[in-house]
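K.L.:
Following this message is one structure expressed as structure tokens.
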Amino acid sequence: MFASDRPHPLSDVPVGQTVRVEALLNLSAPLKARLTALGLVPGTELVVERRMPFGGPVVVRFADQRFALRRTDAGGIVVRGEPRCEFC
Amino acid sequence: MRILLIGQPNTGKTTLFNRLTGLQAAVGNWSGVTVEETVGRIRRLGYALVDLPGIYDLVPISHDEAITVRALASGAYDGILNIVDASQLRRNLQLTLALLSIERPIVVALNMVDVAEAEGKAVDPEALADRLGVPVVPVVARTGAGLDALLEVLDETMVGRAYAGRPAGEEREAAFAEAAAVGGESAHVSGGTAVLLKRSDAPVLRRRPEIDVGPKLEAALQAVEPAFSDPTLRRFLAERYLEGVPEIVNDVERRRPALRSVREQLASALHAGGTESVQAALVERRYAWIDALIPAVVRQAAPRRRPASERIDDIVTHPMVGIPLFIALMLFIFQWTFDWLGTPLSEALDAFFSGPLTEAVGRGLEAIGAAPFFRALIVEGIIAGVGAVLVFVPQIFILFFFISLLEDSGYLARVAVLMDRLMDRFGLSGKAFIPLIIGFGCNVPGVMAARTIESSRERWATALITPFMSCSARLVVYALFVGAFFSRGQGLVMLSLYLVGIAMALLTARLLTRTVLRGAPSMYLVELPPYRVPNVRTLLRGTWEKGKGFIIKAGTFIFGGSVVIWLLGAVGPHGTAASIEESVLALLGRALQPLFQPLGFGTWQAAVALITGFLAKEVVVATLGIAFYAGEGTALTAALKSAFTPLSAYAFLVFVALYVPCLATTAALFREVPRRRWTVLMMGYSFALAYVLALVIYQGGRLLGMGG
């Protein structure tokens, strides 16, 4: 169950949830380098837009850009939920 | 003057390149359309402009990115034209800042200002230029807006005087003063630029920013810089060296092994401070600088409703609807190409070739008193051979039109997301689907498109299976036979041939990635660019550029092939053959005929057509046209019906779908896959696969009583 007060792997985050990146762990060196260049670094806010079925890629949006990541790679990104706004 | 065109993927580099040079390099709306260097000339200035693959950062990850970094490191250029996507300013400027370490003239083309405005972002180019220390010109490459101003600024920047080295303190101020004194021209001061616009009275002085990288990194950079002789590239190369770009590391450490310890100590010092890598340290500093800059140069209107692209993606990448929609779209394209539009047009063209054209040419030749030999060569050789191929021009252009539409709209990137789970099962990623779809048009660009795949084993596997995709040349063979033998369900028969190719490609991928190309899973990160309403001009031009190769091939390769094949058919071992049955062509075919007997098409004509088909797959049709002495269209159909049954025709088509890549594709594979034996192995493998499959279909069909 996703709780916004503790860290989660990005792969567990439900669609529509806004989270903040805590750390990039367990990622291959090229992927880490690419994400770094794109500005996906600790502190970045991102939204999970879509999770493709059967364990397919996860689509995330951050800083006005949208990328698809594999579920296993998303598991290497540790995030923490933003408290949900009660009016949304 | 030689200018490098540098920018992030999908920012419109090639569109700008085409606009400035008048060339027609391929463009699309997905990351990685350009996979090699293309040189053109800016006519108005007489400068050479080099279009290079897009890069996100100066640390290359894929094969095509390495080409760009190598070009930058070579120093073989006078200036850089950096294209920046105004709608993605933050991450684009990260690259711009990295480029500023190259102390040569740089001009920023701020592209897609219209897209940015539509998103409510107004970028102030003057403010940006002041902060970056380089000229910034707003443009819309797709429409050509702002290009005159861009050329003017580029010229002013390039003819200026360059100051080598990195002057500091007073020396630097003196250099600026000297630059300002060079009235009416522009000048560059290393570490900064002083641009004096020709037509303005007041000189515009600009300085490049100095980004504080922290004491540890700065000390290491200064220790490394003396290893490079070119003062304008020192900082750039030192940064890449410390970031660990393999080619630069190898070069430096061969010359100065002692520097290795500087690099290693820096890495461990950064690690101790919690920074992942030198690259991360540099990128972090650049982003910090940019985040301070953006509020000063971008005016962001209140966010509007969700962008249309995201609303379209709600449907197109929907977990349940997405894949059925993709399949429906492919079926729709097939229907247009083969049934609804392509075939009627082809039939009309065929009627023209076999009727009025052949008669008119025949009468004309008779009237001018051409020798019977030449009459036969032209009518039975050239018109029959080239005509048999040209008849299919409509289908091919329709197919290329749809492929251009897919490329230009941004949909291909979505396909790479939709198909990832499926492709993963076969050891590839969803990105491999893009080269495969392009391969439907022509295998050669398909094989080349594999370059954007980061992992080498996946890239090679994708390139090697791309020839199983039925290209437009094979479509010509299918269309001829399907039209002749299957009166109902033509679309389905056609589709089954494409599916056989896809199935064999996937199975082969699994085989390759489980054996010779085994390895760790590769990097998968696919950007979903905003959708674009395709520009009609770009679309038609893209279709023409792709399709014209087919017409050129018909006019050259197939023309020549037809003449040679016809001559082989007219000449026997002892001079002129009395009939084609005694010709060299027939002898050649008969030698191989027994090989194909078990597959149901053991005629010498089919055997010869398959051999010549290696040159180009359309030649199969041209050869059959000549060998059956029938020409194109209705007469050829009748001849085929006497040599094939529907079952053996289908076995023949499956064989053609798979048997070997054509000459041009083989050459592309040799270029793209570094181990030659793999390409050779693949050719033997695909021939064997085609043989076994055709055998099973023919013999199996006979056992089931389908006639033979």
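Any read-out appearing in this document is the output of simple, stated calculations on the displayed coordinates, not a laboratory observation. The structure presented is a predicted model; accordingly, all values stated were derived computationally and were not measured. Quick reminder, even Gly has a Cβ in these numbers, built from the backbone with ideal geometry, and neighbours come from all protein chains shown.
K.L.:
Of B:602, B:118, B:440, which is farthest along the charge dipole of the protein assembly as shown in the positive direction, counting Lys and Arg as +1 and Asp and Glu as -1 at C-beta?
P.N.:
B:602
K.L.:
Another question, then. Quick one: which residues, 5+ away or cross-chain, put their amide H under 5 Å from the amide H of residue A:66? H built at 1.01 Å from N.
P.N.:
Hits under the 5 Å cutoff: B:528.
K.L.:
Could you give the distance between the Cα centres of region B:217-253 and region B:270-338, to the whole Å?
P.N.:
With region B:217-253 and region B:270-338 each reduced to a Cα centre, they are spaced 33 Å.
K.L.:
Moving on. Give me B:131, B:425 ranked fewest to most by other Cβ atoms within 10 Å of their Cβ, as a rough exposure proxy. List each step's numbers first, then the result.
P.N.:
Values: B:131 20, B:425 11.
Result, fewest neighbours first: B:425, B:131.
K.L.:
So how do B:236, A:54 line up by other beta-carbon neighbours within 10 Å, fewest first? Before the final figure, lay out the partial values.
P.N.:
Details: B:236 24, A:54 10.
In increasing order of surrounding Cβ atoms, one gets A:54, B:236.
K.L.:
Now, a different point. Residue B:299: net charge of surrounding residues, Cβ under 11 Å, Lys/Arg +1, Asp/Glu -1, itself excluded? The partial results should precede the final answer.
P.N.:
Working: positive: B:121; negative: B:117, B:124.
Here the charged neighbours net out to -1.
K.L.:
Please find the FRET efficiency linking residue A:6 to residue B:265, where r is the Cβ-Cβ separation and R0 is fixed at 35 Å, and quote it to the nearest 0.05. Let's see the in-between values first.
P.N.:
On the way: r = 37 Å, r/R0 = 1.06.
Efficiency at R0 = 35 Å is approximately 0.40.
K.L.:
OK, next. Would you order B:524, B:685 from fewest to most other beta-carbon atoms within 10 Å of each residue's own beta-carbon? Mind showing how you got there, number by number?
P.N.:
Working: B:524 26, B:685 17.
Lowest count first: B:685, B:524.
K.L.:
Could you work out the relative contact order of region B:215-300? I mean the mean sequence separation of Cα pairs under 8 Å and 6+ apart, divided by the number of residues, in percent. Display every interim value, and only then the final one.
P.N.:
Working: 46 pairs, mean separation 20.8, N = 86.
Value for region B:215-300: 24 percent.
K.L.:
Please compute the net charge surrounding residue B:426, taking Lys and Arg as +1 and Asp and Glu as -1 over other residues with Cβ under 14 Å from its Cβ.
P.N.:
In short, +4.
K.L.:
Also, I was wondering about something else. How would you rank B:428-440, B:658-670, highest first, on the average number of other Cβ atoms within 10 Å across their residues? Don't jump to the answer; show the numbers that get you there.
P.N.:
On the way: B:428-440: 26.6, B:658-670: 20.4.
Answer by packing, highest mean first, reads B:428-440, B:658-670.
K.L.:
Residue by residue through A:50-60, how many Cβ atoms from other chains fall within 10 Å of the Cβ on average?
P.N.:
Values: counts 8, 1, 11, 6, 5, 3, 12, 12, 1, 6, 0.
So the per-residue partner count for this stretch is 6.
K.L.:
Over the alpha-carbon set of the protein assembly as shown, work out the extent along each principal axis and list the three values in angstrom, largest first.
P.N.:
For the protein assembly as shown, the Cα spread along each principal axis is 94, 68, 55 Å.
K.L.:
If you count the DSSP beta bridges with both ends in chain B, what percent of them are antiparallel, to the nearest 5? Before the final figure, lay out each step's value.
P.N.:
Details: 17 of 37 bridges.
Antiparallel bridges: around 45 percent, rounded to the nearest 5.
K.L.:
Let me ask something additional. How much FRET efficiency would the formula 1/(1 + (r/R0)^6) give for residue B:361 and residue B:329, where r is the Cβ-Cβ distance and R0 is 35 Å, rounded to 0.05?
P.N.:
So, using R0 = 35 Å, E works out to roughly 0.25.
K.L.:
Quick one: work out Rg over Rh on the C-alpha atoms of region B:561-708, Rh as Kirkwood radius.
P.N.:
1.01
K.L.:
Given R₀ = 25 Å, FRET efficiency for residue B:488-residue B:321 by Cβ-Cβ distance, to 0.05?
P.N.:
0.20
K.L.:
Let me ask something additional. Read phi for every residue in region A:35-47 and hand back ³J(HN,Hα) as whole Hz from Karplus 6.51 cos²θ - 1.76 cosθ + 1.60, θ = phi - 60°, with x for Gly and Pro.
P.N.:
So the Karplus estimates, Gly and Pro as x, are 4, 4, 4, 7, x, 8, 10, x, x, 6, 8, 9, 10 Hz.
K.L.:
7 Å from Cα along Cα→Cβ at both residue B:218 and residue B:341: what's the point-to-point distance in nm?
P.N.:
6.2 nm
K.L.:
Taking chain B as the reference, fit the longest principal axis to its C-alpha atoms, fit the long axis of helix B:676-703 to the helix C-alpha atoms, and give the angle between the two in degrees, 0 to 90, nearest 10.
P.N.:
40 degrees
K.L.:
Compute the relative contact order of region A:2-75 as a whole-number percentage, counting only Cα pairs closer than 8 Å that sit 6 or more residues apart in sequence.
P.N.:
Numbers: 104 pairs, mean separation 22.5, N = 74.
It rounds to 30 percent for region A:2-75.
K.L.:
Here's something else I'd like to know. Calculate the mean, over all residues of peptide A:67-74, of how many other protein chain Cβ atoms lie within 10 angstrom of the residue's Cβ.
P.N.:
Counting other chains' Cβ atoms within 10 Å and averaging over A:67-74 gives 6.
K.L.:
Could you work out how far helix B:536-553 tilts from the main Cα principal axis of chain B, as a 0 to 90 degree angle to the nearest 10?
P.N.:
Result, in degrees: 50.
K.L.:
Can I get the semi-axes of region B:558-626's equivalent ellipsoid? Compute them from the C-alpha gyration tensor as square roots of 5 times the eigenvalues, in angstrom, largest first.
P.N.:
Semi-axes, largest first: 18, 16, 8 Å.
K.L.:
About the Cα centre of chain B, what is the dipole size in debye to 20, counting +1 per Lys and Arg Cβ and -1 per Asp and Glu Cβ, all else neutral?
P.N.:
1200 debye
K.L.:
Mind pulling the per residue volume of the convex hull built on the Cα atoms of chain A? Å³ is fine.
P.N.:
95 Å³
K.L.:
Taking only the alpha-carbon atoms of region B:301-358, what semi-axes of the equivalent ellipsoid follow from 5 times the gyration tensor eigenvalues under a square root, in whole Å, largest first?
P.N.:
Values: eigenvalues 381, 51, 5 Å².
Ellipsoid half-lengths, sorted descending, are 44, 16, 5 Å.
K.L.:
Find, to one decimal place in angstroms, the Kirkwood hydrodynamic radius of region B:215-296, where the mean of 1/r is taken over every pair of different Cα atoms and then inverted.
P.N.:
13.4 Å
K.L.:
Can you pick out the pairs among A:32/B:121; B:553/B:641; B:13/B:553; A:32/B:548; A:32/B:13; B:13/B:546 whose Cα atoms lie more than 31 Å from each other?
P.N.:
A:32/B:548
K.L.:
Another question, if that's okay. Return the average number of partner chain Cβ atoms within 10 angstrom of each residue Cβ along peptide B:312-324.
P.N.:
Counting other chains' Cβ atoms within 10 Å and averaging over B:312-324 gives 2.
K.L.:
In nm, what is the difference between 0.36 nm times the number of residues separating residue B:533 and residue B:285 and their Cα-Cα distance?
P.N.:
85.6 nm
K.L.:
Once the other residues with Cβ under 9 Å from the Cβ of residue A:52 are scored (Lys, Arg +1; Asp, Glu -1), what is the net sum?
P.N.:
Numbers: positive: A:50, A:51, A:71, B:421; negative: B:420.
Residues close to residue A:52 contribute a combined charge of +3.
K.L.:
Let me ask you something else. If I take every Cα pair under 8 Å that is 6 or more residues apart in chain B, average their sequence separation and divide by the length, what percent do I get for the relative contact order?
P.N.:
The value is 11 percent.
K.L.:
In addition: Nearest 20 debye, what's the magnitude of the dipole of region B:339-393 about its Cα centre given +1 on Lys and Arg Cβ and -1 on Asp and Glu Cβ?
P.N.:
240 debye
K.L.:
Sticking with this structure for a sec: Once each part is reduced to its C-alpha centroid, what is the distance from region B:670-707 to region B:409-473 in angstrom?
P.N.:
About 20 Å separates the Cα centre of region B:670-707 from the one of region B:409-473.
K.L.:
Counting every Cα pair in chain B, what percent are over 47 Å apart?
P.N.:
Details: 75932 of 250278 pairs.
Of the Cα pairs, 30 percent sit more than 47 Å apart.
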